[in-house]
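First up is the structure itself, then whatever we jot down about it.
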Amino acid sequence: MKIGLFYFDGFAEFEIVLCCMYLKEHQIFSIALENKEVISMEKQKYLVDNLISEANLDDVDLLIIPGGDSTKLFENQELQKYFEIVSKKGKIAAICGGSELLASLGLLKGKKCTGDTYGITSESSSYKYYLDSIIIDEYVVEDENILTGQGQAFIEFAAELGLFMGIAKSKEEVEQDMNWFMNVRK
């Protein structure tokens, strides 16, 4: 399985680090709009593997879009085109600001979704982008080939991603994974 991580300046690496750990047995590569060092919200520096303009879209089984401040990317036509192609061939998982980015690009129209830090409400700055979406007040929401999550639920997002991608085989296995991530002993 080939998994692309979309990096942009200010992305929230903590929201996807458990996803990467969960998917470590697969081929993971990073992609970005520009060939430059990308600095996360946590001030970690990353060099990207591929530019979106040069990436082989047939190689992407899953695209993970982290949160962070993605507002500079809202309505970016290059991203919209890329994300649409990936969504037709593979799956997309977006958390927090990543969900907002998908909404701003129109990829969540008519889809069940969640996002933002604590969920999408009329007070959310990006609410206007979700008007054609079906907003569900849950930590993680799946609709066909798109998985969205609230930023506060990065543990649940990683565990549900396992089920979404067929790595976890049942809800019970997802619950076991969440308990392990959270150091819950039963």
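The values are calculated or read from the model by the stated rules, or taken from the named source; none is laboratory data. Since this is a predicted model, take the numbers as computed values, not measurements. Neighbour counts run over all protein chains shown; Cβ positions are idealised from the backbone, glycine included.
Of the candidates Gly119, Gly166, Gly162, the single residue that is farther than 17 Å from Gly67 by Cβ, within 15 Å of the chain's Cα centre (by Cα) and at pLDDT below 95 is Gly162.
Scan region 85-104 for residues that are touching a residue at least 60 places away in the same chain (Cβ under 8 Å), in a helix (DSSP H, G or I) and closer than 16 Å to Met1 by Cα and report the count. Matching residues across region 85-104 total 1.
Okay, residues lined up against (1) in contact (Cβ under 8 Å) with a residue 60 or more places away in the chain; (2) of a type outside the set (A, V, I, L, M); (3) at positive phi:
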{"residue": "Ser40", "(1), (2), (3)": "no, yes, no"}
{"residue": "Gln44", "(1), (2), (3)": "no, yes, no"}
{"residue": "Asp49", "(1), (2), (3)": "no, yes, no"}
{"residue": "Ala55", "(1), (2), (3)": "no, no, no"}
{"residue": "Asp59", "(1), (2), (3)": "no, yes, no"}
{"residue": "Ile65", "(1), (2), (3)": "no, no, no"}
{"residue": "Gly68", "(1), (2), (3)": "yes, yes, yes"}
{"residue": "Thr71", "(1), (2), (3)": "no, yes, no"}
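Looking at this structure, is Leu108 out of contact with any His (no Cβ under 9 Å at 6 or more places or on another chain), touching a residue at least 40 places away in the same chain (Cβ under 8 Å), crowded, with 18+ Cβ neighbours inside 10 Å and assigned to a loop (DSSP other than H, G, I, E, B)? In short, yes.
Of all residues in region 37-84, those being part of a strand (DSSP E or B) and over 19 Å from Ile16 (Cβ atoms) number 1. Quick one: is Ser133 surrounded by fewer than 18 Cβ atoms within 10 Å (Cβ to Cβ), polar (S, T, N, Q) and more than 13 Å from the chain's Cα centre (by Cα)? No; evaluated as a whole, the condition is false for this residue.
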